[in-house]
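Everything below concerns the one structure shown next.
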Amino acid sequence: MNKDILNHLQTITQKLPLENKDNLQKIYLEVNNGNERELINLGNFQNEDSLENIDDYLLIKMNESTFFELKNNIKHPEDLMFEEKIKIKGNLNLLK
């Protein structure tokens, strides 16, 4: 995993105004970089193999380049969703 991405994720998740911080254990970020795919649990920042046995989750998928476009304020998240560069699947209520 790109250490810059991991460091930035830790900073972001600390600032999220979630009602229940335990929900972070159910939120995952999938980052693709060419042939590699990383699935990161935002509650513990560990790599996961799959979400097959998980019932309640939220998955956010994007390319590594998209992550950096967001991080560096080059693109707005809504623009990327319409361009289909970000895919979101699962329980959006986990972000409350």
Simple Cβ-charge dipole of segment 1-68, Lys/Arg +1 and Asp/Glu -1, about Cα centre, in debye nearest 20: 300 debye
If I stretch the segment between LEU6 and ASN72 completely, what's the gain in nm (0.36 nm per residue apart, minus their alpha carbon distance), one decimal? 22.3 nm
Percent carbon-and-sulfur accessible area, the chain, ignoring ligands, DNA and RNA, probe 1.4 Å: 43 percent
Spatially proximal lysines relative to LYS3 (Cα-Cα < 17 Å; intrachain offsets below 8 disregarded): LYS71
The chain accessible area per residue, 1.4 Å probe, protein heavy atoms, integer Å², reads 68 Å²
Just checking my list (i) 40, 25, 22; (ii) 45, 25, 20; (iii) 30, 29, 26 against Cα extents along the principal axes in Å computed from this structure; which label fits? (iii)
State the extension gain, in nm to one decimal, for the chain segment bounded by ASN35 and ASP22, taking 0.36 nm per residue of separation less the distance between their alpha-carbons. 1.5 nm
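The values are calculated or read from the model by the stated rules, or taken from the named source; none is laboratory data. Everything numeric in this text was worked out from a predicted model, so none of it was measured. As a convention, Cβ positions derive from the backbone with ideal geometry for all residues, glycine included, and neighbour counts pool all protein chains shown. Surface accessibility is based on the protein's heavy atoms, side chains included, excluding ligands, DNA and RNA. Shrake-Rupley method; radii C 1.70, N 1.55, O 1.52, S 1.80 Å.
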